[in-house]
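Below is one structure, written out as C-alpha cells; comments come after it.
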Ligand SMILES: [Zn+2]
Ligand SMILES: [Zn+2]
C-alpha cells in the first residue's frame, strides 16, 4: 500500500511505502518530523483500519481523480477544434470536442478509489479491500476540527 501522509505543519504530501513502515518521516517542505505507526492490516495491504499519522479510525472513499489531467484533455481538445472551426469545418470541430469529453469520461470511469483519513487527510492507495463509506461533510467538520485542535492549529 502506498500512503501519502500530510505534514501537520505545512500540509505537504509525503509519500510513504506502508510495506517498509518507517517509524518517522521528515517533511521535505518544512523539516517537521512525523512519527508513524503502521497497523498490521495497512502493512499487509489488507485494510485501512488505523491511520498511521493521526491514529484515527475514520476514513472516506473518493475517486482517485487528478483534475489536472482531465482539464488538459478538454483544453487540448478545445484548442484543436477551434482551429477546425476557424477553417469552417464545424462538423470536425464538434467531433473533436465530443471526443475529448468522451476520453475524459473514459479516464474517469477507469479510476480506482482512494481511501482518505478524515482527520489528517492521509491518502491510501493499494489493492486492499475498500471498507470506508463515501464522504460525509458533517463527520469531516467534526473530525477535522478535533485534529486541528490536537496539533495546535486552532
Ligand atoms: Zn511540513
Ligand atoms: Zn489520519
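General observations
- Filter pass, residue 12 being in contact with a helix residue (DSSP H, G or I) (Cβ under 7 Å, 6 or more places away or on another chain) and over 22 Å from residue 134 (Cβ atoms): no
- Qualifying residue in segment 66-81 (condition: in a loop (DSSP other than H, G, I, E, B), farther than 20 Å from residue 150 by Cβ and either touching a helix residue (DSSP H, G or I) at 6+ places or on another chain (Cβ under 6 Å) or at pLDDT below 95 (or both)): yes
- Single match in 62, 130 (criterion: part of a loop (DSSP other than H, G, I, E, B), surrounded by 12 or more Cβ atoms within 10 Å (Cβ to Cβ) and either touching a residue at least 40 places away in the same chain (Cβ under 8 Å) or within 16 Å of the chain's Cα centre (by Cα) (or both)): 130
- Matching residues, segment 1-42, being within 16 Å of ligand 2 (Cβ to nearest atom) and in a helix (DSSP H, G or I): 41, 42
- The residues on offer are 153, 125, 47, and the sole one that is within 16 Å of ligand 1 (Cβ to nearest atom) and either modelled with pLDDT of 95 or more or closer than 22 Å to residue 6 by Cα (or both) is 153.
- Some residue of segment 108-117 being in contact (Cβ under 8 Å) with a residue 12 or more places away in the chain, in contact with a helix residue (DSSP H, G or I) (Cβ under 8 Å, 6 or more places away or on another chain) and surrounded by 14 or more Cβ atoms within 10 Å (Cβ to Cβ): no
The values are calculated or read from the model by the stated rules, or taken from the named source; none is laboratory data. The shown structure was predicted, so the numbers you read here are calculated from the model rather than taken from an experiment. So basically every Cβ, Gly included, is an ideal-geometry build from the backbone, and we count neighbours across all protein chains shown.
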